[in-house]
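No lab work stands behind these numbers, since they all come straight from the coordinates. Values in this document were obtained by computation on a predicted structure and should not be read as measured data. Counting neighbours? That spans all protein chains shown, and the Cβs are built from the backbone with ideal geometry, glycine included.
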Amino acid sequence: MATETTVATEALKKFVETWGTMGSMWGINASTARVHALLIASDDPLSLDEIAKHLKISRGNASMCLKELRNWDVIRLTKQPGDRRDYYVSESDAWKMFFAIIRERKRREFDPLVNVVKETLDSLREGVGSNVQPRLKRMEELLNTLNQISTRLLANEKTAHSVLLLLTGFSNVEKE
């Protein structure tokens, strides 16, 4: 008969592995996603060595993953009294984590696309493909609209949270 600890341990392993698989599908390194999942599912801050040992990855790989996650602003470094090692914790607020990820994905993926479409339109001569310029112009208009919406939503997480809940039909928006 499985103990509660065994069941919880297996559930956490499944969560870490699933998060890693999903991360790789979203273009994020699987090890980085697994480190993130481990930190999400940890009650206490974890050191580099603890992370590497738990996930059975090298310290170098764990270090690179932690650096990437800090760049995404979804984890933070902490210190423990009397210990010189660095420890790491995940952002505890799921909405803040979501907005940090969306903000970074917009910066890395969406913003360059907006720029390329604009540069392409700017460099096309009149008369190049009778449908190409109007098609790219409509695409640019759509991307600019989406850019304005995302910029406004990402500027204020509390308002964006409320807007998203409103759009999904939830009326129980938390008042802080």
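About the Cα centre of the range 32-176, what is the dipole size in debye to 20, counting +1 per Lys and Arg Cβ and -1 per Asp and Glu Cβ, all else neutral?
On the way: 24 positive and 21 negative charges, 55 e Å.
I would put it at about 260 debye.
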Neighbour-count ranking for 84, 76 (other C-beta within 10 angstrom, fewest to most) reads 84, 76
Listed residue (21, 102, 132) projecting farthest to the positive dipole end of the chain, Cβ model = 132
List the lysines whose alpha-carbon lies under 21 Å from that of residue 53, not counting same-chain residues fewer than 8 positions away?
-> 13, 14, 67, 79
What angle do you read, to the nearest 10 degrees and between 0 and 90, between the alpha-carbon axis of helix 132-155 and the longest principal axis of the chain?
-> 40 degrees
Out of 154, 113, 168 - ranked by how far each Cα lies towards the positive end of the dipole of the range 94-168, with unit charges on the beta-carbon of charged residues - the top one is 168
Looking at the P(r) of the range 5-78, how many percent of alpha-carbon pairs lie beyond 20 Å?
-> 22 percent
Where does the chain land at 222 nm, in deg cm²/dmol rounded to the nearest 500, when only DSSP H runs of n ≥ 4 count, each adding -39500 (n - 2.57), divided by all residues?
-> -21000 deg cm²/dmol
What list of ³J(HN,Hα) couplings, whole Hz, do you get for the range 26-41 from phi and the Karplus terms 6.51, -1.76, 1.60, once you set θ to phi - 60° and write x for glycine and proline?
-> 8, x, 9, 3, 4, 5, 4, 5, 5, 4, 4, 4, 4, 5, 4, 8
